[in-house]
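Engineer: Got a structure for you, written out below as structure tokens; questions coming shortly.
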Number of protein chains: 2
Amino acid sequence: MTDLEQQALERIEKRRRRPVRFADDTITMAHGAGGKATQALVAGMIAPAFADATLAELDDGARIELGDTELVLTTDSFVVRPLRFPGGSIGALAVNGTVNDLAVCGARPTALAVALVLEEGLDANVLSGEIDAMAAAARVAGVRLVTGDTKVVERGKADGMYVTTTGVGMLDRRAALARRDLRPGDRILLSGPVGDHGTAILLARGELDLEADVVSDTAPLWPVADALLGAAGSELRAMRDATRGGVATVLNELAAAAGVGIVVDEAAVPVRPAVQGACEILGIDPMYVANEGRLVAVVAPSVADAALDAVRALPAGSGAALIGRVGDEPAGMVLVRTAFGGTRIMDMLVGDPLPRIC
Amino acid sequence: MTDLEQQALERIEKRRRRPVRFADDTITMAHGAGGKATQALVAGMIAPAFADATLAELDDGARIELGDTELVLTTDSFVVRPLRFPGGSIGALAVNGTVNDLAVCGARPTALAVALVLEEGLDANVLSGEIDAMAAAARVAGVRLVTGDTKVVERGKADGMYVTTTGVGMLDRRAALARRDLRPGDRILLSGPVGDHGTAILLARGELDLEADVVSDTAPLWPVADALLGAAGSELRAMRDATRGGVATVLNELAAAAGVGIVVDEAAVPVRPAVQGACEILGIDPMYVANEGRLVAVVAPSVADAALDAVRALPAGSGAALIGRVGDEPAGMVLVRTAFGGTRIMDMLVGDPLPRIC
């Protein structure tokens with residue numbers, strides 16, 4: 001690392017030690033992007049008011065003990081546009097997204113609640129198509145859609161429909177996942193190529209003058225999580241699905257929570273050529289582009305190869321790779337070792353280059 | 001009953017026996033009003049696709065067995081405008097509304113998930129106020145806000161904010177509530193005056209050129225449900241909170257589910273004078289106006305007085321009354337006995353006279 005890099009690291013580290021404050025006057029698109037602004041909103045305003053230890057950990061879901069059962073609860077609103085895109089639609093995304101939040105909490109998805117906010121004038125066939133898409137996705141994921149709600153707002157007050165899904169799952173006891181538990185030497189496993197979903201959405205919007213055959217990776221991740229729990233057991237430290245903010249943001253959150261450093265081997269990260277090409281035209285790094293069927297897992301080195309084999313044996317994990325490792329330092333940060341042997345800092349997502357991708 | 005009334009009854013009964021179909025081309029405000037159009041959408045499109053027995057019962061929540069625990073899951077989106085109104089705001093409403101859906105399912109509210117859809121440009125102080133309102137309402141209701149999500153949509157694509165709350169509760173075993181279980185002779189208990197919430201919202205919008213001191217009744221109903229479970233035990237047949245569509249719609253749903261008739265004594269229904277006055281000016285019946293802190297309970301005649309005393313002993317139930325009784329016929333319908341000794345049919349809400357009241 002050069003002196004300049006070292007100085008940059010120290011500045012970032014100093015800033016990170018400050019308590020998170022929310023200091024903006026109004027809400028901007030960046031507050032919904034899943035990166036730094038979202039973190040400031042959640043950690044600086046919402047979590048302190050709700051004052052719940054579970055929420056304060058800012059995981060994808062919360063553990064709740066009810067009687068003898070330990071369950072996980074998670075919720076997500078979906079506002080993607082357009083409603084339909086290559087590889088999926090808002091209905092499929094809403095089911096898979098919540099199933100995946102349960103899966104990466106180590107909970108077997110059981111039941112979903114669906115709340116719809118519909119725009120007056122929405123074509124009934126469009127709605128019916130999304131209801132069918134939700135039912136189909138739920139069947140594939142093995143969850144039941146058990147309850148729901150429907151509201152309608154006036155023309156112009158929503159983009160066709162917004163969908164909020166909330167999932168309940170049973171905590172799997174094979175591992176005690178905790179993002180604080182990352183240890184030096186642990187390996188970073190990524191379940192497949194990055195950036196497919198966000199790129200597919202951008203192409204579907206026609207904002208890029210580009211034709212490319214990219215489809216969303218939206219898919220349920222419980223089979224991948226299940227395989228990891230089986231192969232790594234208690235040596236599975238943490239799982240995250242890399243949605244808004246992409247793999248880069250997830251790795252930063254993990255590094256910050258555990259106070260460890262993470263080094264990513266850029267050459268090992270799978271990216272489809274069409275995604276790489278679109279990202280180059282846009283000037284964005286695919287590591288920041290949202291995925292809807294990819295997880296990042298941290299495993300002990302002793303089980304890393306077995307975990308990779310178990311994930312690769314699944315259709316949803318055939319493109320999996322070990323992309324990096326956990327080190328002692330720089331604490332709370334992610335570095336990338338480039339193909340040319342250099343090193344650079346990979347920070348959390350800042351701003352919102354790709355709004356409303358989920 | 002006159003011959004004309006008898007003929008009207010037969011026509012309605014014939015129509016009700018037809019399977020519910022959804023036949024509209026587009027979504028209208030009425031589909032979100034909680035009355036007939038909402039029922040057609042849910043029973044005619046959504047429930048068949050989701051194909052789940054629990055959902056098909058169209059209760060306010062779904063029972064889920066997880067291990068040895070029986071829990072209830074319920075979800076609701078809130079799109080009320082304005083965001084703040086006399087007696088409450090969208091944040092308080094979102095917490096109480098979901099707490100109340102759990103309560104009337106006979107479940108002690110335990111945990112809530114909160115999903116926010118924010119409009120770009122929303123004043124951060126407004127958001128912060130609603131976060132605090134949710135935290136305060138949760139403290140009063142005794143539930144924890146355990147997890148959440150935040151999305152942002154562009155200016156004009158939402159009315160400031162929409163809030164979706166999803167609740168988990170533990171099923172209370174003192175009663176086995178089932179709306180099908182209504183029996184002739186059962187009494188109808190209403191926990192307080194009707195129409196406060198919907199009227200307060202209308203007045204807050206300034207659409208009525210009217211000044212009246214009406215505040216929303218938004219409040220958690222678990223204490224009322226708890227008192228009813230204690231006083232009536234297994235003789236408590238069913239509970240419903242009378243939100244969209246009002247008490248009239250809830251009674252129709254109960255009568256239809258059980259195949260019984262319900263007769264309401266109009267003079268026994270508590271209505272505040274200011275609410276009565278506003279409804280007369282609007283030409284609407286307060287029985288169709290939304291409440292956010294009132295429940296309707298059906299109890300066996302033997303425990304009706306004890307149940308009423310138990311509810312009246314609570315601050316939230318001081319205005320409670322027994323307002324009617326269950327009979328054999330007309331099956332699936334609700335009749336009102338007027339103060340003048342006449343009888344009329346009280347059907348479900350049709351259309352949406354008061355949009356976006358929750």
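The values are calculated or read from the model by the stated rules, or taken from the named source; none is laboratory data. The structure displayed is predicted, hence computed values, not measured ones. Neighbour counts run over all protein chains shown; Cβ positions are idealised from the backbone, glycine included.
Engineer: Find the residue count for region B:308-329, including only residues that are over 10 Å from B:V224 (Cα atoms) and not in a loop (DSSP other than H, G, I, E, B).
Structural biologist: Counting residues in region B:308-329 that are over 10 Å from B:V224 (Cα atoms) and not in a loop (DSSP other than H, G, I, E, B) gives 9.
For every residue, the table says whether it meets (1) under 27 Å from A:G327 (Cβ atoms); (2) modelled with pLDDT under 95; (3) in the same structural domain as A:F340 (by TED's automatic domain parsing).
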residue	(1), (2), (3)
A:D196	no, no, yes
A:E211	no, yes, yes
A:D217	no, no, yes
A:A227	yes, no, yes
A:E235	yes, no, yes
A:A256	yes, yes, yes
A:V263	yes, no, yes
A:V275	no, no, yes
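Engineer: Another question about this same structure. Spot the failing condition for B:T166; the list is (1) assigned by TED's automatic domain parsing to the domain that holds B:G67; (2) at pLDDT below 95, and only one is missed.
Structural biologist: (2)
Engineer: Being in a loop (DSSP other than H, G, I, E, B) and facing chain B (nearest Cβ under 7 Å) is the filter here; which residues of region A:59-71 pass it? Working first, answer last.
Structural biologist: So the first thing to find is which residues in region A:59-71 are in a loop (DSSP other than H, G, I, E, B), and the list is A:59-61, A:67-68.
Within region A:59-71, A:G61, A:G67, A:D68 qualify.
Engineer: In this structure, does B:L9 turn out to be crowded, with 21+ Cβ neighbours inside 10 Å and either part of a helix (DSSP H, G or I) or modelled with pLDDT of 90 or more (or both)? It would help to see each step written out before you state the result.
Structural biologist: Numbers: crowded, with 21+ Cβ neighbours inside 10 Å: no; either part of a helix (DSSP H, G or I) or modelled with pLDDT of 90 or more (or both): yes.
No.
Residue by residue, here is whether (1) charged (D, E, K, R); (2) over 20 Å from the mean Cα position of the chain (by Cα); (3) not in a strand (DSSP E or B) holds:
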{"site": "A:A47", "(1), (2), (3)": "no, no, yes"}
{"site": "A:L73", "(1), (2), (3)": "no, no, no"}
{"site": "A:V80", "(1), (2), (3)": "no, no, yes"}
{"site": "A:T98", "(1), (2), (3)": "no, no, yes"}
{"site": "A:A103", "(1), (2), (3)": "no, no, yes"}
{"site": "A:V117", "(1), (2), (3)": "no, yes, no"}
{"site": "A:G121", "(1), (2), (3)": "no, yes, yes"}
{"site": "A:S128", "(1), (2), (3)": "no, yes, yes"}
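Engineer: Being modelled with pLDDT of 95 or more, in a helix (DSSP H, G or I) and under 15 Å from A:P193 (Cα atoms) is true for just one of A:V303, A:V247, A:V296. Which residue is that? First the steps, then the outcome.
Structural biologist: Values: A:V303 fails: under 15 Å from A:P193 (Cα atoms); A:V296 fails: in a helix (DSSP H, G or I).
Just one listed residue meets the conditions, A:V247.
Engineer: Hey, B:R155 hits all of (1) under 30 Å from A:V152 (Cβ atoms); (2) in a loop (DSSP other than H, G, I, E, B); (3) touching a Lys or Arg at 6+ places or on another chain (Cβ under 8 Å) but one; which does it fall short on?
Structural biologist: (3)
So that you can scan it fast, the table gives a plain yes or no per residue for (1) on the phi > 0 side of the Ramachandran plot; (2) without any contact (Cβ under 8 Å) to a residue 40 or more places away in the chain; (3) in contact with a Cys (Cβ under 7 Å, 6 or more places away or on another chain):
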| site | (1), (2), (3) |
| --- | --- |
| B:A304 | no, no, no |
| B:D309 | no, no, no |
| B:L314 | no, no, no |
| B:G317 | no, no, no |
| B:G332 | yes, no, no |
| B:G341 | yes, yes, no |
| B:I345 | no, no, no |
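Engineer: Here is a follow-up. Tally time: how many residues in region A:330-350 are surrounded by 14 or more Cβ atoms within 10 Å (Cβ to Cβ) and in a loop (DSSP other than H, G, I, E, B)?
Structural biologist: 8
Engineer: So, in region A:180-205, exactly how many residues are out of contact with any strand residue (DSSP E or B) (no Cβ under 9 Å at 6 or more places or on another chain) and among the polar types (S, T, N, Q)?
Structural biologist: The number of residues fulfilling the criteria is 1.
Engineer: Would you say B:A133 is out of contact with any Phe, Trp or Tyr (no Cβ under 8 Å at 6 or more places or on another chain), in a helix (DSSP H, G or I), crowded, with 24+ Cβ neighbours inside 10 Å and more than 9 Å from chain A (Cβ to nearest Cβ)? Walk me through it before giving the result.
Structural biologist: Values: out of contact with any Phe, Trp or Tyr (no Cβ under 8 Å at 6 or more places or on another chain): yes; in a helix (DSSP H, G or I): yes; crowded, with 24+ Cβ neighbours inside 10 Å: no; more than 9 Å from chain A (Cβ to nearest Cβ): yes.
Spelling it out, it is not the case that B:A133 is out of contact with any Phe, Trp or Tyr (no Cβ under 8 Å at 6 or more places or on another chain), in a helix (DSSP H, G or I), crowded, with 24+ Cβ neighbours inside 10 Å and more than 9 Å from chain A (Cβ to nearest Cβ).
Engineer: From the set of residues in region B:203-218 that are in contact (Cβ under 8 Å) with a residue 24 or more places away in the chain and surrounded by fewer than 24 Cβ atoms within 10 Å (Cβ to Cβ), which is farthest from the chain's Cα centre (by Cα)?
Structural biologist: To start, the set of residues in region B:203-218 that are in contact (Cβ under 8 Å) with a residue 24 or more places away in the chain comprises B:203-205, B:208, B:210, B:212-218.
The next check asks that each one be surrounded by fewer than 24 Cβ atoms within 10 Å (Cβ to Cβ); those that pass are B:203-205, B:208, B:210, B:212-213, B:215.
On the way: B:L203: 20, B:A204: 21, B:R205: 21, B:L208: 24, B:L210: 26, B:A212: 24, B:D213: 23, B:V215: 17 Å.
My answer is B:L210.
Engineer: Does region A:168-208 hold any residues that are assigned to a strand (DSSP E or B) and either in contact with a Pro (Cβ under 6 Å, 6 or more places away or on another chain) or more than 14 Å from chain B (Cβ to nearest Cβ) (or both), and which are they?
Structural biologist: Step one: filter region A:168-208 for residues assigned to a strand (DSSP E or B), giving A:168-171, A:187-190.
Selection gives A:G169, A:R187, A:I188, A:L189, A:L190.
Engineer: Now for a separate question. Could you check region A:146-165 and list, in sequence order, the residues that are under 24 Å from B:P353 (Cα atoms), more than 7 Å from chain B (Cβ to nearest Cβ) and aliphatic (A, V, I, L, M)?
Structural biologist: Scanning region A:146-165 gives a single hit, A:M161.
Engineer: Please pick out the residue among A:A111, A:A94, A:A103 that is within 9 Å of chain B (Cβ to nearest Cβ), buried (at least 21 other Cβ atoms within 10 Å of the Cβ) and among the small types (G, A, S). Break it down stepwise before answering.
Structural biologist: Working: A:A94 fails: within 9 Å of chain B (Cβ to nearest Cβ); A:A103 fails: within 9 Å of chain B (Cβ to nearest Cβ).
It is A:A111.
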